[in-house]
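Note sheet for the following structure.
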Amino acid sequence: MIYQRFGLNDLTEDEMNRIKAVDDALLYHEFVESMGEPPVQAEPPDVMVKHDFSQRDIASVKEEFLYTFRNLAEIE
């Protein structure tokens with residue numbers, strides 16, 4: 001399992017539920033963005049921020065990821 005691979009196999013049930021909620025929310029919004037309509041029989045999750053699903057070149061995505069990673073790494 002992915003969690004075990006990254007040393008996260010000791011997560012609590014609450015932590016697993018939070019991960020699932022985030023994953024479900026992302027999948028919901030990706031579906032809406034890709035298909036132009038919400039999935040059948042799915043409740044829309046709460047939206048905390050407006051996500052940008054526009055197409056971007058990989059270099060700018062990598063640069064933004066590394067910038068965010070470095071800022072978060074400094075916090076630790």
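A few points about this structure:
- Radius 13 Å from Cβ of THR12, net charge of other residues (Lys, Arg +1; Asp, Glu -1): -2
- For segment 1-32, backbone nitrogen atoms closer than 14 Å to the point 7 Å from VAL49 Cα along Cα-to-C-beta are found at 26.
- The chain, dipole about Cα centre (Lys/Arg Cβ +1, Asp/Glu Cβ -1), debye to the nearest 20: 240 debye
- Counted charge near HIS51, where neighbours are those whose Cβ lies closer than 10 Å (Asp, Glu -1; Lys, Arg +1): -2
- Highest-MSF residue in the chain out of LEU27, LEU66, LEU11 [GNM, Cα springs under 10 Å]: LEU66
- CD proxy at 222 nm, helix term only [per DSSP H run n ≥ 4: -39500 (n - 2.57); per residue of the chain; nearest 500]: -19500 deg cm²/dmol
- Max-minus-min Cα coordinates of segment 2-75 on each principal axis give 39, 36, 22 Å, with the largest extent listed first.
Taken together, the values in this text are just the output of simple stated rules run on the coordinates, not laboratory data. This is a predicted model, so every value here is computed, not measured. Heads up, the Cβs are rebuilt from the backbone with ideal geometry, glycines too, and the neighbour counts pull from every protein chain shown.
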